[in-house]
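Let me begin by presenting the structure, written as structure tokens, before commenting on it.
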Amino acid sequence: MEKTSEGTNLLPQELSQELIIEILVRLPVKCLLKFRCVSKLWLSLISNTEFHKTRVNFSIKNPKMTDYTIAGVASVSGLGKICHVYTIKCENSFITAAKHGCPPKSLPLSAWLLGSCNGLVCLTSDSYTLMLLNPCTGNFNVFPDTMSQYKVGAGGCYVRYGFGYDASIEDYKVVKIFSFPQNEGRHENIVKVYSLKANSWSTIQGFNSGCINGMVGVFANGALHWDVCHPHISRASSEIVTLDFAAQRYGQIALPSYEDGGVYWTLGVSRGRLVACCNYETNKADMWVMKEYGVEKSWTKLVAISLPVDRRVDITPLYVAENGDVLLKLGTELILYNPRNASFKRLADYVSGDFLQVQVATYLESLTSPHI
């Protein structure tokens, strides 16, 4: 028990509620889970949804004091899928990652990661259900997926997802796009949105586009982002198509200028900023960050990465440290890239050669509930 300068005991209940909250929002989730036993007041504060929101906002605004975690779902030949979880920490501007316990058994082995937001991870499974999971608390919420009710033509139908948070109405939403190929590389996209608050799916206005690359959109600044390629244009080009939750409006963001031979873009988010990576045919990639959201001139090249000559895999950005070190997914491996000496460091014990496919999602640790 600590004592004041006068020698009297300083009990938790003698602190003002505002000061307690200022202290608690700065603590790791694992400490908060233990401190619920300190007193009824602390239990009430830590369990309050408003405190959860306050802590998430504090974490987003103070990335240096925030613990980020990577959730990985890896497909193993003959064994279904196994989930791995890694804690990412940034100490002295260097990224370290440590493997820790897997999420609870409630996580389906056939899970597919659809993204993360405010500490929640969204997954889909082969049983046509979706799940919101907080890996830190183990709390989860399962709800039905939606299926296409539209006639599928000869070109088939591609499905794309996205997961994010509509701050205007404090609601988590899952977006599912049914993309139908048309002539000359164009696609007609029918869009459905699941509202966690309403616990139902609804169809919103769709859009026409080129080919939407990647299965999952990236959430940043209140909007989902998908890389879209236009192969029907004389010089195939790409752009980012956005869906703003609050405005319920689609938009476009131009990607940075790139050299000839740029064949594939991947998107990510690091510390709240949109990151884009252009993968070239010549075993190299350029990684860019949008320093001011929505301002195309603010695209800034972070690093040019040269891959080993024997590697021809796409790079997906996961996290960028202040000193420029980049945590990325290289094929089925997690890699820490040091741009100062162009070195690759494989994060040990992540995958072996038996893994066929790996998905990852970076999220901040929180107490956010998957229920509203």
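The values are calculated or read from the model by the stated rules, or taken from the named source; none is laboratory data. Fair warning: this is a prediction, and the values are worked out from it, not measured in the lab. Cβ placement follows ideal geometry from the backbone for every residue including glycine, while neighbour counts extend to all protein chains displayed. Accessible surface areas use protein heavy atoms only, side chains included; no ligands, DNA or RNA. Shrake-Rupley method; radii C 1.70, N 1.55, O 1.52, S 1.80 Å.
Can you tell me which residue in the range 118-141 is farthest from His371 (Cα to Cα), limited to those that are in a strand (DSSP E or B) and open to solvent by 40 Å² or more (accessible area, probe 1.4 Å)?
The residue in question is Thr129.
Can you pull out the residues in the range 333-368 that are more than 23 Å from Lys284 (Cβ to Cβ) and at pLDDT 80 or above?
Across the range 333-368, the qualifying residues are Ala361, Thr362, Tyr363, Leu364, Glu365, Ser366, Leu367, Thr368.
Looking at the range 209-229, which of its residues are free of Cβ contacts under 8 Å to residues at least 60 places away in the same chain, in a loop (DSSP other than H, G, I, E, B) and out of contact with any Gly (no Cβ under 9 Å at 6 or more places or on another chain)?
Asn213, Gly214
Of the residues Val303, Val320, which single one is of a type in the set (Val, Ile, Thr), at pLDDT below 85 and assigned by the TED database to the domain that holds Glu259?
Among Val303, Val320, only Val320 is of a type in the set (Val, Ile, Thr), at pLDDT below 85 and assigned by the TED database to the domain that holds Glu259.
Restricting the search to the range 9-18, which residues are open to solvent by less than 80 Å² (accessible area, probe 1.4 Å) and either modelled with pLDDT of 70 or more or not in a helix (DSSP H, G or I) (or both)?
Of everything in the range 9-18, those that are open to solvent by less than 80 Å² (accessible area, probe 1.4 Å) and either modelled with pLDDT of 70 or more or not in a helix (DSSP H, G or I) (or both) turn out to be Asn9, Leu10, Leu11, Leu15, Ser16.
For Trp112, all conditions in the list (1) modelled with pLDDT of 90 or more; (2) open to solvent by 10 Å² or more (accessible area, probe 1.4 Å) hold save one; what is the number of the exception?
Of (1) modelled with pLDDT of 90 or more; (2) open to solvent by 10 Å² or more (accessible area, probe 1.4 Å), only one is false for Trp112: (1).
Counting only residues that are open to solvent by 30 Å² or more (accessible area, probe 1.4 Å), of a type in the set (A, V, I, L, M, F, W, C) and part of a strand (DSSP E or B), which one in the range 230-275 is modelled with the lowest pLDDT?
Looking at the filtered set, the residue picked out is Val263.
Do we find a residue being within 26 Å of Val360 (Cβ to Cβ), modelled with pLDDT under 90 and either outside any strand (DSSP E or B) or not assigned by the TED database to the domain that holds Arg273 (or both) anywhere in the range 80-98?
Yes, the conditions are met somewhere in the range 80-98.
Kindly indicate which of Tyr128, Tyr150, Tyr165, Tyr158 is at pLDDT below 95 and in contact with an Asp or Glu (Cβ under 9 Å, 6 or more places away or on another chain).
Exactly one residue qualifies, and that residue is Tyr128.
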